[in-house]
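First the structure, in the form of structure tokens, and then the observations on it.
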Amino acid sequence: MQKEPQKDAIPLLLRCKVIVIGDAGVGKSAIVQMFHSKGTHYPKQYAMTTGCDFVMKEIKIPDSSTTVELHIYDCSGQKVFKELVSEYWKNANMVMLVYDVSNQDSFNNLGAWLDLVRSKCPGKQLPGILVANKVDLEDRIRVHTADGNEFARTHSLDFVQVSAQKNISVESPYQELGMMF
């Protein structure tokens with residue numbers, strides 16, 4: 001049985017800076033755009049993110065009077081932009097680390113991404129979530145769920161599987177981040 005939020009509870013608005021990182025082509029922008037548009041805008045053509053794109057969206061925390069305003073920084077995965085985008089990582093509260101289940105290299109590079117972002121946020125724990133994207137490509141999967149779970153567990157991250165293209169569980173990572181914050 002779920003608790004009803006207190007009717008006289010004072011509404012609370014929290015602001016959370018989330019950085020979205022991972023290799024180029026893993027679907028970071030697609031996940032962000034599908035979440036921001038409530039599943040109505042999937043980018044049909046691949047357009048490389050140059051630098052960092054920003055969107056903002058509120059998440060209502062269930063059974064509470066709390067709303068988390070997510071400030072989402074969708075960062076380029078191209079090596080040429082790493083120094084530029086790392087400037088956006090300052091004062092981050094959470095990290096969303098994304099890989100493509102059909103691309104083993106994108107998974108192998110996760111540790112380097114995480115090390116880099118945590119080095120830019122010294123003294124912070126920087127909690128977050130690992131997102132396995134493109135789970136709809138069942139016949140092309142190279143990175144299995146157990147591998148994602150193990151990486152997430154080892155690095156103290158939550159783990160979710162999504163498909164931006166099929167709009168499968170795209171809201172989940174953001175809900176998780178909101179609840180964590």
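Examine the range 32-40 for a residue that is in contact with a His (Cβ under 6 Å, 6 or more places away or on another chain) and open to solvent by less than 80 Å² (accessible area, probe 1.4 Å), and state whether such a residue exists.
Residues of the range 32-40 that are in contact with a His (Cβ under 6 Å, 6 or more places away or on another chain), as a first pass: 33.
Then drop every residue that is not open to solvent by less than 80 Å² (accessible area, probe 1.4 Å), which leaves 33.
Yes, the range 32-40 contains a residue that is in contact with a His (Cβ under 6 Å, 6 or more places away or on another chain) and open to solvent by less than 80 Å² (accessible area, probe 1.4 Å).
Hey, among the residues in the range 166-181 that are touching a helix residue (DSSP H, G or I) at 6+ places or on another chain (Cβ under 7 Å) and open to solvent by 60 Å² or more (accessible area, probe 1.4 Å), which one's nearest to Cys16 (Cα to Cα)? Working first, answer last.
Residues of the range 166-181 that are touching a helix residue (DSSP H, G or I) at 6+ places or on another chain (Cβ under 7 Å), as a first pass: 167, 170-171, 174.
This time we only want the ones that are open to solvent by 60 Å² or more (accessible area, probe 1.4 Å), so: 167, 171.
On the way: Asn167: 24, Glu171: 16 Å.
It comes out as Glu171.
Determine if the range 106-115 includes at least one residue that is of a type in the set (Phe, Trp, Tyr) and modelled with pLDDT of 95 or more. Write out each step before concluding.
Step one: list which residues in the range 106-115 are of a type in the set (Phe, Trp, Tyr), which gives 107, 113.
Right, trim to modelled with pLDDT of 95 or more and you get 107.
Yes.
Of all residues in the range 82-108, how many are crowded, with 17+ Cβ neighbours inside 10 Å and in a loop (DSSP other than H, G, I, E, B)? Before the answer, list the steps.
Here is the first cut: in the range 82-108, the residues crowded, with 17+ Cβ neighbours inside 10 Å are 85-86, 88-89, 92-103, 106-107.
This time we only want the ones that are in a loop (DSSP other than H, G, I, E, B), so: 92-93, 101-103.
Residues that pass the stated criteria total 5.
Looking at the range 31-69, which of its residues are touching a strand residue (DSSP E or B) at 6+ places or on another chain (Cβ under 9 Å), small (Gly, Ala, Ser) and either farther than 21 Å from Ser86 by Cβ or at pLDDT 95 or above (or both)?
Ser64, Ser65
The values are calculated or read from the model by the stated rules, or taken from the named source; none is laboratory data. None of the values given here were measured: they were computed from a predicted structure. When we count neighbours, we look across all protein chains shown, and the Cβ atoms used for this are built from the backbone with ideal geometry, even at glycine. Surface areas here come from the heavy atoms of the whole protein model, side chains and all, with no ligands, DNA or RNA. Shrake-Rupley method; radii C 1.70, N 1.55, O 1.52, S 1.80 Å.
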